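First comes the structure, then the notes that go with it.
The values are calculated or read from the model by the stated rules, or taken from the named source; none is laboratory data. Here the structure is a predicted model, which means the values were calculated and not measured. Heads up, the Cβs are rebuilt from the backbone with ideal geometry, glycines too, and the neighbour counts pull from every protein chain shown. We work out accessible area using only protein heavy atoms, side chains counted, and drop any ligands, DNA or RNA first. Shrake-Rupley method; radii C 1.70, N 1.55, O 1.52, S 1.80 Å.
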Amino acid sequence: MSVDSELTQHFPTATQWGTYDAEVEDGRLKRLNDYPDDPAPSIIGAGMVDAIDDEARIRRPMVRKSFLEKGFSSNKNERGAEAFVPVSWETALDLAASEIGRVRNKHGNKSIFASSYGWASSGRFHHAQSQIHRFMNLAGGYVRHKNSYSHAAAEVTLKHIVAEMKDIIHEQATDWPSIASDCELFVAFGGLPAKNAQVNLGGVGRHTLHEGMQSCYDAGVEFVNISPLKTDIAHIFDPEWITIRPNTDAALMLALAYTLVSEELYDKNFISTHTTGLEKFLPYLNGDTDGQPKNAEWAAQITGVPAQTTIDLARRMAQCRTMISTAWSLQRSDHGEQPIWLTVVLASLLGQIGLPGGGFGIGYGCENGIGNPVKIFKWPALSQGVNAVEEFIPVARIADMLLSPGSKFNYDGEELTYPDIRLLYWAGGNPFHHHQDLNRLVDAFRQPECVIVNEIWWTATARHADIVFPITTVLERNDLMMTKWEPMATPMHKAIEPVGESRNDYDVFSGLAQ
């Protein structure tokens, strides 16, 4: 902390969208100044100044009116519509602890879903997911989620094709210096949108996508933007824009593969020494199984990309060192695993996997840091203990689980059963911000006997709760930012006092535990 005058103080801090100097006057946040060494600061941070004490801020523990009067026997259909009543911390903690205890004792811990999904905080300690998981594990366990909305299909698929996504993408992604040094053609399915690279799970030290791409451009790397949006690669890098209909990338990839095979442009030696399964793929690719060759003319009818454009791109890819990049957004769609799988197919046909600046990547530009030249290692973290409950759901199946308890579902080759959830505890995220069908999610949130939410603002999730605990922001507590892909750690100093009666998640769970 530094002091300019008796009224102005400066506190270092970090968020998922940047590192800042918090400027405080007379105890109030005045502005967030960008980190001077950040080459491309995000504009998001400035919004915190207005949001920190906005009228949407939750200032006291709140309980839905009829739930306060009748408990879990209240009308669940009033969630999201009924008014809330402010209560004391003692009342709110006692009520929530009583509900957790009731459900544990009557229905078992597998009737509690507490796998809250969200980024919550860039701090290593005040990370809501870690805090709620630690608490629930100590309380006997909970039903959890698996995978991420951002790249779930890729996570599940890649381990059957190449290796775990964590190993080959998160920890060993080809870095920008290598791409600048050896790559000649960067083909980006879904582009490299700078707007997405404003953020990074766990915090951002320096925004590096722009300078990474600039180093490639200066070295002569050519970019191809395959996307419905021209802006998915900045115009200053002179990208070739191939317009494509949304959700048709798999057809284009098949047509590229067809050209490589039919014109014998693929690396036969690499295929024979480093891959298996081409003989099973070719009958479909050539149309032997369905009478339809997956050629450029076939793909043009689906993608809107002219056949000659596809053929020319395939030839260019075979003639030079090529990096194939596929954005996470492609797998967040119907049959989203297909472009992920075909990304590896194309890279295998080119035979450049493992060569400097070549091969494939999943997610360049989707978060800040993918491609940073850093060594990934495990940072210290608060132990979460062991979850005694085995049941889980794929991350996007929340509504299915709540609406259809006891029904069967398929996941990664297994047939599993949705648990019967009686209590839902959410901390550090807002599923109404990213779930697929919000009307269905509203119905789903009205199924459990009790919904508890830790939140900063009156989000849709908080409004569909029975008990709401007001939580501090990163500017109202001390912490430390250390995260993958970032070459720096940042102290996060408490800049202002908590707004209203808000508390840290840790203090909430400590109170519940007591």
Is there a residue being charged (D, E, K, R), surrounded by fewer than 22 Cβ atoms within 10 Å (Cβ to Cβ) and at pLDDT 95 or above anywhere in region 385-395?
yes
Pro356 versus (1) modelled with pLDDT of 95 or more; (2) surrounded by 19 or more Cβ atoms within 10 Å (Cβ to Cβ); (3) under 30 Å from Cys216 (Cβ atoms): which is the lone unmet condition?
(2)
Every residue from region 137-173 that is part of a helix (DSSP H, G or I), without any contact (Cβ under 8 Å) to a residue 60 or more places away in the chain, surrounded by fewer than 18 Cβ atoms within 10 Å (Cβ to Cβ) and not charged (D, E, K, R)
His160
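The rows are residues; the columns are (1) on the phi < 0 side of the Ramachandran plot; (2) over 23 Å from the mean Cα position of the chain (by Cα); (3) part of a strand (DSSP E or B).
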| position | (1), (2), (3) |
| --- | --- |
| Ala396 | yes, no, no |
| Met401 | yes, no, no |
| Pro405 | yes, yes, no |
| Asn410 | yes, no, yes |
| Pro419 | yes, yes, no |
| Trp426 | yes, no, yes |
Within region 356-364, identify whether any single residue is of a type outside the set (Ser, Thr, Tyr), part of a helix (DSSP H, G or I) and within 24 Å of Val261 (Cβ to Cβ), and answer yes or no.
no
Every residue in region 195-224 that is open to solvent by less than 50 Å² (accessible area, probe 1.4 Å) and acidic (Asp, Glu), please.
none
Inside region 174-194, can you point out the residues that are farther than 25 Å from Ile244 by Cα, among the hydrophobic types (A, V, I, L, M, F, W, C) and surrounded by fewer than 21 Cβ atoms within 10 Å (Cβ to Cβ)?
Ala180
Find the residue count for region 225-243, including only residues that are surrounded by fewer than 22 Cβ atoms within 10 Å (Cβ to Cβ), among the aliphatic types (A, V, I, L, M) and within 26 Å of the chain's Cα centre (by Cα).
2
Starting from residues that are more than 26 Å from Ala495 (Cβ to Cβ) and either small (Gly, Ala, Ser) or at pLDDT below 95 (or both), keep the ones in region 440-476 and report whichever is most open to solvent (accessible area, probe 1.4 Å).
Ala460
Write out, first by first residue and then by second, each pair whose Cβ atoms fall under 8 Å of each other, whose residues are 6+ apart or on separate chains, and whose first residue, in region 239-255, is over 17 Å from Phe223 (Cβ atoms) and small (Gly, Ala, Ser) while the second is outside any helix (DSSP H, G or I) and open to solvent by less than 70 Å² (accessible area, probe 1.4 Å).
Ala251/Lys294; Ala255/Lys294; Ala255/Asn295
Of the conditions (1) touching a Ser or Thr at 6+ places or on another chain (Cβ under 9 Å); (2) under 13 Å from Ser116 (Cα atoms); (3) open to solvent by less than 10 Å² (accessible area, probe 1.4 Å); (4) not aromatic (Phe, Trp, Tyr), Asn430 clears all except one; give me its number.
(3)
Quick one: is Leu423 touching a Pro at 6+ places or on another chain (Cβ under 8 Å) and buried (at least 22 other Cβ atoms within 10 Å of the Cβ)?
yes
Checked Arg134, Arg124 against criteria (open to solvent by 30 Å² or more (accessible area, probe 1.4 Å) and at pLDDT 95 or above); the one match is Arg134
Check whether at least one residue in region 324-343 is closer than 27 Å to Leu254 by Cα and basic (Lys, Arg), and report yes or no.
yes
The residue that is nearest to the chain's Cα centre (by Cα), considering only those in region 306-344 that are more than 24 Å from Thr157 (Cβ to Cβ) and not in a helix (DSSP H, G or I), is Arg321
Mind checking which residues of region 73-85 are more than 33 Å from the chain's Cα centre (by Cα) and either of a type outside the set (Val, Ile, Thr) or open to solvent by 60 Å² or more (accessible area, probe 1.4 Å) (or both)?
Ser73, Ser74, Asn75
